[in-house]
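First the structure, in the form of structure tokens, and then the observations on it.
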Amino acid sequence: MALRTIVTGKDPILRKTSRPVEVFDQKLWTLLDDMAETMYKNEGVGLAAVQVGILKRVVTVNVGEGLIELVNPEIIESQGSQEDSEGCLSFPDEYGIVERPAKVVVRAMDRNGNVREITGTGLLARAFCHEIDHLDGIVFKDKVKEMLTPEELRPRRKRFFERRGE
Ligand code: NI
């Protein structure tokens, strides 16, 4: 496994549409392994392949409930809404309030091409939506209702880490 470099907000690649994965080979598995390592090292809860410069529909997520790998993910159902603070590893130190569905069902393939459906609520639903947006060139700042100052963010971050038990 190897750490990959995360592209930042000014890089135009973040605006491009990622291509579906058609080949489930060692190259894909290495990408997934590297993405997970890069996500953990940078203390993120999600990462899309475009953020390491690869225009493939590949996502890793871990909101504290274990690693989820999504290949060619699609949101097939969404319900309700939630508002909370959100950030992105490509926009360090920028956070804002984003409205997302309260619950989503995602259909995706695993690293071997097997299709499955995963239901996410709360932070997991938020992470799925945020990362799947990246695959279509959409970043959270496109949807932000209000950017947060570091002073406004701090109590929210504290609550988040308390919920995660850290
Ligand atoms: Ni992001």
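The values are calculated or read from the model by the stated rules, or taken from the named source; none is laboratory data. For clarity, every value in this text was computed on a predicted model and none was experimentally measured. Cβ placement follows ideal geometry from the backbone for every residue including glycine, while neighbour counts extend to all protein chains displayed. Ligands, DNA and RNA are stripped out before the accessible areas are found, and what is left, the full protein with its side chains, is counted by its heavy atoms. Shrake-Rupley method; radii C 1.70, N 1.55, O 1.52, S 1.80 Å.
For this structure, a couple of remarks:
- In the stretch 90-103, the residues that are free of Cβ contacts under 8 Å to residues at least 24 places away in the same chain reach residues that are open to solvent by 60 Å² or more (accessible area, probe 1.4 Å) and away from the ligand (no atom under 15 Å from the Cβ) with C-beta atoms within less than 7 angstrom, at least six apart or across chains, in these pairs: Ala102/Gln79; Ala102/Gly80; Ala102/Ser81; Ala102/Thr121.
- Hey, Gly137 under 13 Å from the mean Cα position of the chain (by Cα) and under 17 Å from Leu47 (Cβ atoms) or not: yes
- Here the stretch 94-116 is the region considered, the condition is being more than 13 Å from the ligand (Cβ to nearest atom) and assigned to a loop (DSSP other than H, G, I, E, B), and the residue that is farthest from Lys56 (Cα to Cα) is Ala102.
- Qualifying residue in the stretch 19-32 (condition: within 14 Å of the ligand (Cβ to nearest atom) and either within 22 Å of Asp136 (Cβ to Cβ) or outside any loop (DSSP other than H, G, I, E, B) (or both)): no
- Test for Pro20: is it open to solvent by 70 Å² or more (accessible area, probe 1.4 Å), free of Cβ contacts under 8 Å to residues at least 24 places away in the same chain and more than 11 Å from the chain's Cα centre (by Cα): no
- Checked against (1) at pLDDT below 95; (2) open to solvent by less than 30 Å² (accessible area, probe 1.4 Å); (3) within 12 Å of the ligand (Cβ to nearest atom); (4) of a type outside the set (Asp, Glu), His130 passes all but a single condition, namely (1).
- Residue within the stretch 149-159 that is over 27 Å from Asp25 (Cα atoms) and open to solvent by less than 20 Å² (accessible area, probe 1.4 Å) present: yes
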